Every structure is written in structure tokens, then in C-alpha cells.
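Asks: Before we start, here is the structure in question, set down as C-alpha cells.
The values are calculated or read from the model by the stated rules, or taken from the named source; none is laboratory data. Quick caveat: nothing in here was measured; it's all calculated off a predicted structure. Virtual Cβ from ideal backbone geometry, glycine too; neighbours counted across all protein chains shown.
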Amino acid sequence: MNHPHPHRRQALAALLALAPLLGAAPVALASDAYPTKPITLVMPFPPGGSFDPIFRAFAEAAARDLGQPIVMMHKPGAGGITGPASVAMMSEADGYTVAVMHNSVIRAPLTQKVNWDPLRDFSYLGSLFGLTTAIAVAADAPWKNLAELLADAKKRPGEISYGNVGAISVNRIVGERLARANGTRFNMIPFKGGGEAWTSLIGRQLDVYADPGFGPQAKGGKVRLLASFTDKRLQRFPEVPTAKELGHDFVIESPVGLVAPKNLDPKIAARLGAAFRKAATDPGYLAQLELFDMQPAVTTGEAYAAYARAQFEREQKMLAEIGFKPE
């Protein structure tokens, strides 16, 4: 019986040892070379609101670091839930689709029937900034302060229209709670996006609007701010009191971040997370945040996922407080 030469045996053993590595090489190279094509950024609201210029500046900064364009794709609907929901239902995560995430998406299963889970069906990449909400009325509206608005609402319960984006946003919930705490109610009007809501407010088709993105309208003298739902007065609007200091203990904390479909390759998630955190320091992007009075709040993907889990529990309690029943 002929036995292979010792040198041949060594070569064969070496090839057998390398075989699994050779098979895995294309996968390793795929994540190492990422990205090799443009990345789609799913925007949950229609064009024209505050998110557009903010994320346009952010996408340009992140694209410079990643070496590939980031293309914004608007998928509005259901109060900003449709776009992220489409990403949650994707069967594969390749790192080329990312969605803007916000608290209404975390809240969705508590308010309606959905076939996806915000805590399990996303790869969280990190939060970027916090939404700042203020109560705004048209510059020529009759109410000069929050006390006057609430007194009028108490005389005419359900007659004063109060707008926000989405049928069950946190701003709607807090508006409901504010009215209840003061013995009245508003006529809640949901809008698809901030652009049409601001137009309605300034045109006096809407009485009150309480959502982010008020900076340009307030600085331009088109709207009057009655109060902010922040812990401290806004730096750019030091004359505007907080609802809290006026005796209404409501503070809205509402981070906005980025997610990808579930099971994203950890290497790709790390690459995206690092690029996004770097982009969050870009001067052009920070200038847009300041223009719209958003507060930088940058976290890792792990921290954002932990926040989402805790927020889901807080939302359950808030909805129970206003007696909300799911659809």
C-alpha cells in the first residue's frame, strides 16, 4: 500500500484546515468592504418639515465618512410610523436601508394592531437629538399667554383646535393631559407633517399647534410661543416660560435616532454607528439643529435600544392615564 509522501500529507492537512476559512472569506470581505453602494435613509414624514434640512445636513456629513451617498426617501403615513414600520418588516438587513426612528414608533403596538415589534424587529444604531416642543399660536391670535388660552378653553371645551403630527403622538397625549388637568378639552387635529400644520396655524385655520420645528416661524414673527414643554427655558427663546414653571408639570423628552432592520451584521452596525456619531458633530448639521431648537442627544445603539425598552413601559402608563383604548 502506497502512503502519501510526508510533504504531501502536510500540504493536504493545510488545505483542509484552510477550507472553512476560504468558504467564509467572501462574507468577511463583504462586511469589511461595506459600504459599496448608496444607502437609503427612510424619512417618516412628508417633505417640508423641520426633519428635511436637519437630515439633509446630517446625511451629507455621514456620506463623507462612509464614502457613499445617503439618499433620503420619504415614506410618510400613520403619524410617522409607516416608514420605520416598512424597515421593521424587511426580511434581510444588509446595511443599505436605515430609518429615522422616533417615539411614536415605539408606542405603535400600544395604540393599534401592528404585525411587527419595535423592540425586536430593529437594529438600533443610536439616538441623535431630542425633539423640543412648544405651544404656539398665530402672531395675531387672541391669547397672549398660556393662562389666557386655558381659561378660554375652559369656557369653550372642545371648541379650540389643537394640532400635532400623528393621531397619537406624545405631543397629543401631553396636550390631552394638560387640558384634563385644567378641567377642559381641546379639539385635537392630527396632521401628516409639520409643513401643513404650520401653514394652517399661521393662516388661522388652526388655533394651537404644539410640536417641534417652531424656531423659524417664531423668529420670523409669524407665531407666538406661549410655553415650552422643556425642563429649562430655551436658550434662543429666554422670554418663553416652561409649562412646568407655570404650574403644569409636563416635560416632553422625545429622542430621534436611527435604526436598521433586525439582525444587522455587528461589523456593519459598528461602522454605521461610528459614522453617524461623527456626523452628529458636523457644524452644518448642528447649525440646523439650533435653527429648529432641537437638542443634541447622541448615544450608542445599545443605549438607544435600552431607552426604547424603558420608554415602551412609560408609554403604557401614560396611555392608561388618559384612558386611551387601542383601535
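Asks: Considering Val42, Val71, which residue is modelled with pLDDT of 95 or more, crowded, with 19+ Cβ neighbours inside 10 Å and not assigned by TED's automatic domain parsing to the domain that holds Thr199?
Replies: Val42
Asks: Can you find, within the range 96-106, the residue that is nearest to Leu264 (Cα to Cα) among those that are touching a Ser or Thr at 6+ places or on another chain (Cβ under 9 Å) and crowded, with 22+ Cβ neighbours inside 10 Å?
Replies: Ranking the qualifying residues of the range 96-106, first place goes to Val98.
Asks: Right, something else. Of everything in the range 175-189 that's assigned to a helix (DSSP H, G or I) and surrounded by fewer than 17 Cβ atoms within 10 Å (Cβ to Cβ), which residue is modelled with the lowest pLDDT?
Replies: Looking at the filtered set, the residue picked out is Arg177.
Asks: How many of the residues making up the range 275-284 are in contact with a helix residue (DSSP H, G or I) (Cβ under 8 Å, 6 or more places away or on another chain) and in a helix (DSSP H, G or I)?
Replies: Residues that pass the stated criteria total 5.
Asks: Grab the strands (runs of 3 or more DSSP E) fully contained in the range 190-274, keeping just those with 2 or more residues being touching a residue at least 24 places away in the same chain (Cβ under 8 Å) and closer than 27 Å to Lys75 by Cα.
Replies: 208-211, 255-261
Asks: Taking interchain pairs and intrachain pairs at least six residues apart, which have beta carbon atoms under 7 angstrom, with the first residue in the range 280-293 and under 23 Å from Gly195 (Cβ atoms) and the second among the charged types (D, E, K, R) and surrounded by fewer than 20 Cβ atoms within 10 Å (Cβ to Cβ)?
Replies: Asp293/Arg236
Asks: Considering only the range 151-174, state which residues are among the small types (Gly, Ala, Ser) and at pLDDT 95 or above.
Replies: Answer for the range 151-174, where residues must be among the small types (Gly, Ala, Ser) and at pLDDT 95 or above: Ala151, Ala153, Gly158, Ser161, Gly163.
Asks: Do you know which of the residues in the range 218-236 that are buried (at least 18 other Cβ atoms within 10 Å of the Cβ) and modelled with pLDDT under 95 is farthest from Val98 (Cα to Cα)?
Replies: Of everything passing the filter in the range 218-236, Leu234 is farthest from Val98 (Cα to Cα).
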